Structure formats: structure tokens, C-alpha cells
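The values are calculated or read from the model by the stated rules, or taken from the named source; none is laboratory data. Source: prediction; values computed, not measured. Cβ: placed from backbone, ideal geometry, glycine included. Neighbour counts: every protein chain shown.
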Amino acid sequence: MKTIYTNCRIVSGGKIISDKDIVTENGNITEIVQTGSASDGEIISLCGNYISPGFIDIHCHGGNGYEFVDGTEDAVINATEIHYKHGTRIMYPTISASDRIVTARSLEAVEKAKDKCRVVIPGVHLEGPYLAASMCGGQDLSTLRKPDKDEYNGFFNRFGKLISRWTYAPEEDDDYIFTEFLSEKGITASAGHTAAHYEDIKGAFDKGCRLITHLYSCTSTITRHGGFRKLGVIESAFLLKDMFVEAIADGKHLPLELLKMIVDIKGTDKVCLITDSLRPGGYGKEYEGKVFDNCAVPFIIEDGVAKLPDRSAFAGSIATIDILLKTAVEAGIALPEAVRMITQTPANAMGLSGYGKIEAGYKALFTVFDEELNIIDI
């Protein structure tokens, strides 16, 4: 059936267009036409609101009281649903560093539930367990280990079609064997929870690593060795122009000035805004002060963010994707460019074709929001 979206402001490709209608059929965009020139089909007026490609979150651990490491279909369905209501249309469920049994159970749950969710799930993001202990952050330190060839081959043989991305510490990857494995298998290699120096990141980059997991969160910076300075992950990400980076734009992990600096240096075509949302994602202020201790790494909600119990660091966010948009705009980033970082750029970073732009031939999957950047259900 043909559907025509009219009376809208299209936000796509770094632009806002106000005099066009979107024509869709069978789940695809067929054409963008002058307003009022198409009439053969169901006409949906968006009352002057914004319409963008469906928002994409490439790093989310859960929400609505659930996390993907719970390893149940209910957890997957309920966690994704709260994020759908806040504008996410495509998600890569993120599984924290765990033992083999928990990881396998979590992957199986996503495999079974993904077609029952309203969000599109192209694949899963494994965040660990091949991470640096010194940069564990909110990960379970007891599960961290060096890349195990038998283990990761086993996961690929069983879940190869489901695993889309793997975060690891390049300095733990001897001779970049794991990096090469990911590249050969078409899995996005992402450096994160890492104390790497420039030579580690550059070596991984040369072998196919093209993404940094949550820049400035558990990523190393310049260190001195006998007076000689070495670049860390942060400086390496800026120096390598073709490297994509994530930014947790919840307004807590990165001050607005730092978010703006990252964007100014890397450009909106290389920065992916992410929620990194934990179990309380989508919760309101009534959860301020609540302790979550029935999990591998306990945390407390304070100041609108998840903190480790000793308050030494953040454990993750409780944001939904609409918060990322509002934070980016508050930081002084133009609305079309803010939208690019939750649509087109993450699609490019993940090699996800058919999503991220409003153009003929792309999927008819949209997020609609008003002047205050609040999500509108259509």
C-alpha cells in the first residue's frame, strides 16, 4: 500500500526540507516529491512536525528494568520497547563482558526475540570480555581476559549471523589476530575499555578496526614514559581521520563543551551518539537514589546517571535516544547535524545499508518529533 507523509519538515543528510512529501510503498521510500503533488495513497499529515530517518542506537545495554545480559526473551522485548517509545527504531543490543554461559544465553535470547520487537535489530554488540583490566569501568573485572581463539571461533560458529560488532582492547590482542578475525568475518571491530597507545590503535586500524567505543569513557590519554610522551586512545582517535567514535551524549558523561569539541574535531560524519543505557533506561526522577545490586556490577542512580557504589566513576547511563538529540542541540550543534549522528553516521559506522537517510530506495522507517524535540508516535 502506498503511503504519503505530508505537512512535515524532513531532517536528513544534514538538511531540513519543508516543501516535500515522502512517498512509501511496501516498507520502502519510493520517491520524495513536491508537497501536494502525490495523492494516490493513504495521506498522513504530520502537522508541521519533523520527520527523520529512524534513530539508531549502536550501544545500549537495556532499559525499562531489563538488561540483555538477563538472557530472556522478555528482557529483550521489554528493554527495546521503552527505547522504541523514545524514538529508537534500530538497535544493536549490547551484551556486557560475561562468562561463556551468560554470553551464549544472552545471544540466544536476542536471536529468539528480535523478530518480536518493534525496533529493528540487525545484530548484537559484544562489549568484552577481551578488555583491559585497568579500564574495566562498569564491566565485571572477574570476567575480563585476553582473546581466546577457541572461544571466539565457537561464538562465531554458533552466532555468526547475529554478532555485528565486538568491542575489545587492541593492546590485549597479540599480533592483531583477533582484529583480523573480526575484519575477515565482517564484524565491526571497536576499540574500547582500553589503555592502548597510538601504536596499538594504529596497528588495529591498519587491520580493520574503525570505531572507538564511548570516547573519553574508559579510553586512555597521553602518558609519559621516562619523560617521553605517548598518545593514548583519545588522541589516536582524533589523529586517525577515518576512525569513527562513539559519544555518550546523556549530558552527564561528557560536559557539553567536551561533546562540542569532539564534534568540531571529528565532524558529524564520524561521531555516533549513543545511550549506553543500563537497566534503568527510560526511568524517571523517581529512581533517583535507587540502588541496583542484583547484577554483576552494582550501581546507584544519582544526578540522573548510573554511578559505581563508591562514586569513583560512572557505570553507564539511563538515557534514551531523544535525550541525546536534546543534549547535542543544547551543546550548540545544529539540529540537522545532531540528527545525522543518530541516523546516517551510525549506519555508516556499522555498514548498515538502506537505513539512515530519507531518500528513494531507503527503508521507510522514521522517527517523528516536535519543535521541543519530543517524540511523536505516528
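Search the stretch 177-217 for residues being of a type in the set (Val, Ile, Thr) and assigned to a helix (DSSP H, G or I), and hand back the single one that is surrounded by the most Cβ atoms within 10 Å (Cβ to Cβ). In this case the residue turns out to be Ile201.
Mind telling me which of the residues Thr143, Thr167, Thr194 ends up being within 16 Å of the chain's Cα centre (by Cα) and on the phi < 0 side of the Ramachandran plot?
Values: Thr143 fails: within 16 Å of the chain's Cα centre (by Cα); Thr194 fails: within 16 Å of the chain's Cα centre (by Cα).
So the residue among Thr143, Thr167, Thr194 that is within 16 Å of the chain's Cα centre (by Cα) and on the phi < 0 side of the Ramachandran plot is Thr167.
Residue under question is Thr367, and the condition is that it be buried (at least 20 other Cβ atoms within 10 Å of the Cβ), in the same structural domain as Ile17 (by TED's automatic domain parsing) and either within 22 Å of Gly63 (Cβ to Cβ) or modelled with pLDDT of 95 or more (or both); does it hold? Taking the combined requirement at face value, the residue satisfies it. The set of residues in the stretch 309-346 being within 30 Å of Asn294 (Cα to Cα) and crowded, with 19+ Cβ neighbours inside 10 Å consists of Phe314, Ala315, Gly316, Ser317, Ile318, Ala319, Thr320, Ile321, Asp322, Ile323, Leu324. The residue of the stretch 113-161 that is surrounded by the most Cβ atoms within 10 Å (Cβ to Cβ), among those that are hydroxyl-bearing (Ser, Thr, Tyr) and not in a loop (DSSP other than H, G, I, E, B), is Tyr152. Number of residues in the stretch 6-28 that are over 12 Å from Ile358 (Cα atoms) and either of a type in the set (A, V, I, L, M, F, W, C) or in the same structural domain as Ala338 (by TED's automatic domain parsing) (or both) equals 1.
In this structure, does Thr345 turn out to be outside any loop (DSSP other than H, G, I, E, B), touching a Phe, Trp or Tyr at 6+ places or on another chain (Cβ under 6 Å) and modelled with pLDDT of 95 or more? Answer is no for this residue.
Let me confirm something: among Ile121, Ile44, Ile56, Ile51, which residue is hydrophobic (A, V, I, L, M, F, W, C), touching a Gly at 6+ places or on another chain (Cβ under 8 Å) and either closer than 28 Å to Ser12 by Cβ or at pLDDT below 95 (or both)? Write out each step before concluding.
Details: Ile121 fails: touching a Gly at 6+ places or on another chain (Cβ under 8 Å); Ile44 fails: touching a Gly at 6+ places or on another chain (Cβ under 8 Å); Ile51 fails: touching a Gly at 6+ places or on another chain (Cβ under 8 Å).
None of the other options fit; the residue is Ile56.
Residues Lys266, Lys270, Lys252: which one is under 28 Å from Ile300 (Cα atoms) and within 19 Å of the chain's Cα centre (by Cα)? Lay out the reasoning, then the answer.
Details: Lys266 fails: under 28 Å from Ile300 (Cα atoms); Lys270 fails: under 28 Å from Ile300 (Cα atoms).
Of Lys266, Lys270, Lys252, the one residue that is under 28 Å from Ile300 (Cα atoms) and within 19 Å of the chain's Cα centre (by Cα) is Lys252.
Being polar (S, T, N, Q) and closer than 29 Å to Asn294 by Cβ is the filter here, so list the residues in the stretch 134-193 that pass it. Steps first, answer last, please.
Going residue by residue through the stretch 134-193, those that are polar (S, T, N, Q) are 134, 139, 142-143, 153, 157, 164, 167, 179, 183, 188, 190.
Selection gives Ser134, Gln139, Ser142, Thr143, Ser164, Thr167, Ser190.
Please work out which residue is farthest from Asp269 (Cα to Cα), limiting yourself to the stretch 162-176 and to residues that are of a type in the set (Phe, Trp, Tyr) and either outside any helix (DSSP H, G or I) or not assigned by TED's automatic domain parsing to the domain that holds Gly138 (or both). Explain how you work it out, then say what you get.
Filtering the stretch 162-176 for residues of a type in the set (Phe, Trp, Tyr) gives 166, 168, 176.
Next cut, either outside any helix (DSSP H, G or I) or not assigned by TED's automatic domain parsing to the domain that holds Gly138 (or both) only: 166, 168.
On the way: Trp166: 21, Tyr168: 23 Å.
Within the stretch 162-176, the match that is farthest from Asp269 (Cα to Cα) is Tyr168.
Tallying residues that are of a type in the set (D, E, K, R) and over 24 Å from Asp57 (Cα atoms) within the stretch 206-254 yields 6.
Determine whether Tyr92 is in contact with a Pro (Cβ under 9 Å, 6 or more places away or on another chain) and in contact (Cβ under 8 Å) with a residue 40 or more places away in the chain. Even if it seems obvious, please write down each step before you answer.
Working: in contact with a Pro (Cβ under 9 Å, 6 or more places away or on another chain): yes; in contact (Cβ under 8 Å) with a residue 40 or more places away in the chain: yes.
Judged against the criteria, Tyr92 is a match.
Taking the conditions exactly as written (more than 26 Å from Tyr130 (Cα to Cα), of a type in the set (Val, Ile, Thr) and touching a strand residue (DSSP E or B) at 6+ places or on another chain (Cβ under 9 Å)), does Val233 satisfy them or not? Here the answer is no, as Val233 does not meet what is asked.
Matching residues to (1) closer than 13 Å to Val124 by Cβ; (2) more than 16 Å from the chain's Cα centre (by Cα); (3) crowded, with 24+ Cβ neighbours inside 10 Å; (4) in the same structural domain as Thr345 (by TED's automatic domain parsing):
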residue: Asn64; (1), (2), (3), (4): no, yes, no, yes
residue: Ile77; (1), (2), (3), (4): no, yes, no, yes
residue: Thr88; (1), (2), (3), (4): no, no, yes, yes
residue: Met91; (1), (2), (3), (4): yes, no, yes, yes
residue: Ser98; (1), (2), (3), (4): yes, yes, no, yes
residue: Val102; (1), (2), (3), (4): no, yes, no, yes
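Only a single criterion out of (1) under 17 Å from the mean Cα position of the chain (by Cα); (2) not assigned by TED's automatic domain parsing to the domain that holds Ala249 is not satisfied by Glu337, namely (2).
Here the stretch 265-311 is the region considered, the condition is being part of a loop (DSSP other than H, G, I, E, B) and acidic (Asp, Glu), and the residue that is nearest to Lys15 (Cα to Cα) is Asp269. Residues of the stretch 245-261 that are surrounded by fewer than 23 Cβ atoms within 10 Å (Cβ to Cβ) and farther than 20 Å from Arg311 by Cα: Leu256, Glu257, Leu258, Lys260, Met261.
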